[in-house]
Amino acid sequence: MKKPLRVTITGAAGQIGYALAFRIASGDMLGKDQPVILQLLEIPPAMDALKGVAMELDDCAFPLLQDIICTDDPNVGFKDSNVALLVGARPRGPGMERKDLLEANGKIFGPQGKAINDHASRDVKVLVVGNPANTNALIAQANAPDINPRQFTAMTRLDHNRALAQLAGKTGQHHTAIKGMIIWGNHSATQYPDIAHCTVDGKGAKDLVDEGWYKDDFIPTVQQRGAAIIKARGASSAASAASAAIDHIRDWHLGSNGEWVSMAVPSDGSYDIKEGVIYSFPVICKDGDYEIVQGLDIDDFSRERMDLTDKELREERDGVKDLL
Ligand code: NAD
Ligand code: LMR
């Protein structure tokens, strides 16, 4: 049997945490032959609810689940962690933008970055889900100087999956027929869902849809999907967010089979996005690592949108200078 991997979930008693824990314990994220230990981190007022989550996990008798650690101490929660899912944070309500959460949530990610630095496995894979995810990831990264900065990522896979669903609906094809989808930039309303390199059943996506739909319907629908879910459900997306987090880590850990997926990762100058922000790029995952897809042609329309979302990320970063 393989050695168990330790998976930390922060905010494990919250909506997304509740959707995540059971799927991870059943092997959806790290593989059906990979035992796991769940390290569930909450804040003191949520410890009773967390105990209930652990009781339910016990009651599932998952063959892969080796142990459950419930704690409100980040130093315990991140101890030897191989995968850290930073979910615990306040969600936005109707009428808010995700960056409105920066002040309330930003303070969570510095101490957690430090606890990761001091206690996690040196090869820990960190995914930040709590909003505003990209800038929170930057805060965690800045507080973990001993961990390779590339190991800090933020989630735009939900946006990626949303874009697949919209394009599949429009073209009448199944989403598995779509290749080469890209989300650029921030997990916010400035994100740029780009179909310029996309194919649907082998045909160029741009030839299958009219430009008006692409610019005036598809792009805003994907950008505003989180708000639309909040309006419809009265609560922010949870099961779809958990599913996207599982997709993100599964591909990073086990590989994306040559396919492009969107991950917000530290910018390295690719596509003229200067270093210093956690920006969503198309990546290919292989051997437990990711690489930004290089060499794509960027037209003026794309350039403008990629720069706009970059500008927003740098403004968010300037707003939390004291936490970096
Ligand atoms: P929720 O309110 O249901 O749960 C959040 C949980 O985090 C709560 O149980 C709370 O006690 C806990 N928590 C708060 N501070 C904590 C801390 N310092 N340490 C550990 N736990 C802490 O919220 P939710 O619906 O699960 O959403 C969580 C976050 O994920 C929100 O910020 C939301 O906006 C974000 N989100 C991001 C995406 C994305 O695509 N990146 C998608 C959906 C939601
Ligand atoms: C989402 O995209 O569903 C989440 O980021 C929640 C939100 O605030 O939109």
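The values are calculated or read from the model by the stated rules, or taken from the named source; none is laboratory data. Everything quoted here is computed from the prediction, not taken from an experiment. Heads up, the Cβs are rebuilt from the backbone with ideal geometry, glycines too, and the neighbour counts pull from every protein chain shown. Heavy atoms of the whole protein, side chains included, go into the accessibility calculation; ligands, DNA and RNA do not. Shrake-Rupley method; radii C 1.70, N 1.55, O 1.52, S 1.80 Å.
The set of residues in the range 16-28 being aliphatic (A, V, I, L, M) and within 16 Å of ligand 1 (Cβ to nearest atom) consists of ILE16, ALA19, LEU20, ALA21, ILE24. Can you spot a residue in the range 228-238 that is open to solvent by 60 Å² or more (accessible area, probe 1.4 Å) and hydrophobic (A, V, I, L, M, F, W, C)? Yes, the range 228-238 has at least one match.
Could you say whether any residue in the range 192-215 is within 13 Å of ligand 1 (Cβ to nearest atom) and buried (at least 19 other Cβ atoms within 10 Å of the Cβ)?
Within the range 192-215, the first condition is being within 13 Å of ligand 1 (Cβ to nearest atom), and the residues that meet it are none.
Within the range 192-215 (the criterion being within 13 Å of ligand 1 (Cβ to nearest atom) and buried (at least 19 other Cβ atoms within 10 Å of the Cβ)), the answer is no, since none of the residues qualifies.
For the range 286-303, the set of residues classified as over 17 Å from HIS197 (Cβ atoms) and open to solvent by 80 Å² or more (accessible area, probe 1.4 Å) consists of LYS286, ASP287, listed by residue number.
Taking PRO145 as the residue in question, decide whether it is touching a residue at least 40 places away in the same chain (Cβ under 8 Å), out of contact with any Cys (no Cβ under 6 Å at 6 or more places or on another chain) and away from ligand 1 (no atom under 16 Å from the Cβ).
no
Of all residues in the range 94-111 being touching a residue at least 24 places away in the same chain (Cβ under 8 Å) and within 10 Å of ligand 1 (Cβ to nearest atom), which is most open to solvent (accessible area, probe 1.4 Å)? Before you say what the answer is, go through the steps one by one.
Of the range 94-111, the ones touching a residue at least 24 places away in the same chain (Cβ under 8 Å) are 94, 97-99, 101-102, 105-111.
From what is left, the residues that are within 10 Å of ligand 1 (Cβ to nearest atom) are 98, 101, 105, 107-109, 111.
Values: ARG98: 14, LEU101: 1, ASN105: 3, LYS107: 124, ILE108: 52, PHE109: 0, PRO111: 79 Å².
Result: LYS107.
Looking at ILE37, ILE69, ILE9, which is the one that is without any contact (Cβ under 8 Å) to a residue 40 or more places away in the chain and either within 12 Å of ligand 1 (Cβ to nearest atom) or farther than 19 Å from ALA242 by Cα (or both)? One residue alone meets the criteria, ILE69.
Among the residues of the range 1-55, those that are more than 22 Å from the chain's Cα centre (by Cα) and in a helix (DSSP H, G or I) comprise PRO44, PRO45, ALA46, MET47, ASP48, ALA49, LEU50, LYS51, GLY52, VAL53, ALA54, MET55. Within the range 40-59, the set of residues being away from ligand 1 (no atom under 11 Å from the Cβ), open to solvent by 60 Å² or more (accessible area, probe 1.4 Å) and not charged (D, E, K, R) comprises MET55 only. Of all residues in the range 63-80, those satisfying the criterion of being within 12 Å of THR8 (Cα to Cα) and of a type outside the set (Asp, Glu) are ILE68, ILE69, CYS70, THR71, PRO74, ASN75, VAL76, GLY77, PHE78, LYS79. In the set (1) at pLDDT 95 or above; (2) over 18 Å from the mean Cα position of the chain (by Cα); (3) within 16 Å of ligand 2 (Cβ to nearest atom), GLY88 fails one condition alone, (2). Annotation: of all residues in the range 247-285 being farther than 26 Å from ILE219 by Cβ and not in a loop (DSSP other than H, G, I, E, B), the one that is most open to solvent (accessible area, probe 1.4 Å) is LEU254. Residue count for the range 131-178, restricted to those that are touching a strand residue (DSSP E or B) at 6+ places or on another chain (Cβ under 6 Å), more than 30 Å from LYS206 (Cβ to Cβ) and part of a loop (DSSP other than H, G, I, E, B): 0.
Just one residue in the set VAL265, VAL261 is away from ligand 2 (no atom under 16 Å from the Cβ) and out of contact with any Ser or Thr (no Cβ under 6 Å at 6 or more places or on another chain); that residue is VAL261. A count restricted to the range 75-93 and to residues that are buried (at least 21 other Cβ atoms within 10 Å of the Cβ), within 13 Å of ligand 1 (Cβ to nearest atom) and outside any loop (DSSP other than H, G, I, E, B) stands at 4.
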